[in-house]
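Since the structure comes first, as structure tokens, the remarks are kept for the end.
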Amino acid sequence: MHAPQKRRRRTTAALAVAALATPLIIATTASPAVAKGKPSEGEKLAAQLVKKTGQANGMKHLRVFQSIAMAHDKNRAAGSRGHELSARYAGTLLKAAGYKVTYQDFDFVYRETVAEKLKVLSPEERDVAIKLMTYTKSTPKGGVEAEVAEVPRHPEGLTGCSADDFAPEDFTGKVALIQRGGCTFADKQANAAKAGAVGAVIYNNTAGELNGTLGDADAAKIPTGGISKEHGDALSAEVAKGAVKVNLELIEFQETRTTPNVIAETPTGDKNNVVMVGAHLDSVTDGPGINDNASGSAGVLETALQYAKATKLNHHKPHKKQPKNQVRFALWTAEEIGLQGSEHYVENLSEKERENIALYLNFDMIASPNYGLFVYDGDDSDGEGAGPGPDGSAQIEYKINKFIKSRGEQPRGTDFSGRSDYGPFIAVGIPSGGTFTGAEGVKTEEQAKLWGGKAGVAYDECYHQACDDINNVDKKAFDINMKVIAHTVGHYAWDTGSLQDEVPFAPTSGGTGSGGGLHEHHDHDEPDAK
């Protein structure tokens, strides 16, 4: 059994192994039963859960979430009736299954998009697609007209991250055009505001649209939106040739509301060694959010229900062979506006409660229609982005990769950027892992050969849109990822000792390519800022 470590720091061993360029061999001591070829209790439970858990029942939950959304303003956003009913649906099933269920309510600033427009007025009139950053300041109705001033691109990708990048004489009364990278969107727009800019337009530094958040209404200084790299490069080229005038209209409705996390934990198992699994239940306000993220929520919910059946949680006499560890399932709220549900949860844990969480598994968008099979890169073997996760994350990645490969599939890595609900757990040193099938990132030719689908097209073309409905899921990807949840829960419920194993340091061929982690969503921190 894994004892909670006081370590809780990012892995340095992986980097040392990379320097040596010598793969390590897994060093474990098999129990007598395993040595004789008999499956362990964890292996038996994992196999049982994998057999019982799959897309057929997962789709039933998706249809319920779809129906709830369509009956309530066509979304399930945090603070809405659609989200409240989604939470009650899941919580009711979990309580009936035998879990101790808690609705963790907290206040947050609810937001809805009212207007998001960017029109180039001169030298040549045209419309540019823009998405406002959630929690932005709003322009007046009808927008503001101003010239565009571009922040010089930083050679190290830190454009707009220093106040020195903004000369007041260049930006006062203008709209700042800023390339993504290196620091938070909030920092970029705050620096622009200090220089007198009346708005900020941040453009992507990689293929795909840019959806972002400033993280907190208090962080907002000026109206701020995001555009694609293609549009950003075009504006940049025009500004280099001469004056460019635009009309920028970004208006967001905001008010304080209350929203719940749904937390369900087993009444049995070691409370000092908790296996935690989570997914966010809220959608954006623009659609029902079936792939993002009813898919992850359905996978976690169905695994929890099958786990309860397998261990007879709702019986007066639970199964005589109860797993050793407590298992805790979480359906987060307000992820779409800055990971607020998971952040609230982690912030309100005592130090002892944090230490008691042996690991956290996250599942966000697991059924993308043009899917990739991405696994969070716990050891940073791909060498991209933010670096390794806390000690134990490499072992989680290894276990998930091994299982997916055993199903005849080929996973690839995705960066631990911190931009989904694993972020708050990583920040306090809790080993983390999970899967992701892609958002607005574009699938490469290599990935299309690997997984099928269409190269040059987003993993999810309906990302954050009204068309993210029941038809916007790939059942094969959904099934694979649901079984990943079932497999990992089954194993870790019995034994988390493998978190201390040595594992081979082996980069996945191709890493994230052009899409895994960099296009993971709900950004308020840049991928290279974590």
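The values are calculated or read from the model by the stated rules, or taken from the named source; none is laboratory data. This is a predicted model, so every value here is computed, not measured. Note that each Cβ is placed from the backbone with ideal geometry, even for glycine, and that neighbours are counted across all protein chains shown. We work out accessible area using only protein heavy atoms, side chains counted, and drop any ligands, DNA or RNA first. Shrake-Rupley method; radii C 1.70, N 1.55, O 1.52, S 1.80 Å.
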For this session: Amide H neighbours of Thr206 under 5 Å, at least 5 residues apart or on other chains, H built in the peptide plane: list them.
Result: Lys229
For this session: Compute the accessible area per residue over the stretch 133-213, keeping the other protein chains in place, probe 1.4 Å, unit Å².
Result: 38
Seminar exercise, completed: In whole percent, the fraction of accessible protein surface over the stretch 268-328 that belongs to carbon or sulfur atoms, probe radius 1.4 Å, stands at 47
Seminar exercise, completed: In degrees, nearest 10, the alpha-carbon axis of helix 475-494 is tilted away from the dominant principal axis of the alpha carbons of the chain by 50
For this session: Roll a 1.4 Å probe over the protein heavy atoms and report the accessible area of His487 in Å², nearest 10.
Result: 30
Exercise. Two-decimal Rg/Rh of the stretch 269-348 from alpha-carbon positions, Kirkwood Rh?
Worked result: 1.07
Exercise. Based solely on its DSSP helices, what 222 nm [θ] is calculated for the chain when runs of n ≥ 4 H residues each add -39,500 (n - 2.57) and the sum is averaged over all residues, nearest 500 deg cm²/dmol?
Worked result: -9000 deg cm²/dmol
For this session: Mind checking the stretch 101-182 for trypsin sites (Lys or Arg not before Pro) that DSSP puts in a loop (not H, G, I, E or B) and that have at most 11 other Cβ atoms within 10 Å?
Result: Lys141
Exercise. Excluding the sites themselves, what is the longest stretch of the chain that contains no GluC sites (Glu not before Pro) in a DSSP loop with at most 13 other C-beta atoms within 10 Å?
Worked result: 157-530
For this session: Could you state the angle between the C-alpha long axis of helix 393-406 and the longest principal axis of the C-alpha atoms of the chain, as a value from 0 to 90 degrees rounded to the nearest 10?
Result: 70
Problem set entry | 5 Å-binned pair-distance histogram of the stretch 339-449 (Cα, whole percent) | 2, 12, 21, 24, 19, 12, 6, 3, 1, 0
Problem set entry | Summed residue charge, Cβ within 15 Å of Thr258's Cβ, Lys/Arg positive, Asp/Glu negative | -1
For this session: Quote the charge dipole size of the chain about the Cα centre in Debye, to the nearest 20; the model charges only the Cβ of Lys and Arg (+1) and of Asp and Glu (-1).
Result: 2840
Exercise. What fraction, in whole percent, of alpha-carbon pairs in the stretch 94-209 exceed 19 Å separation?
Worked result: 56
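What whole-number volume per residue, in cubic angstrom, does the convex hull of the C-alpha atoms of the chain give?
On the way: hull volume 75.1 nm³, N = 530.
Taking only Cα atoms, the chain has a hull volume of 142 Å³ per residue.
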Exercise. Which value in Å is the Kirkwood Rh of the stretch 185-326 over different Cα pairs?
Worked result: 19.9
Exercise. If one takes the longest principal axis of the Cα atoms in the chain, at what angle in degrees, from 0 to 90 and to the nearest 10, does the Cα axis of helix 55-71 lie?
Worked result: 40
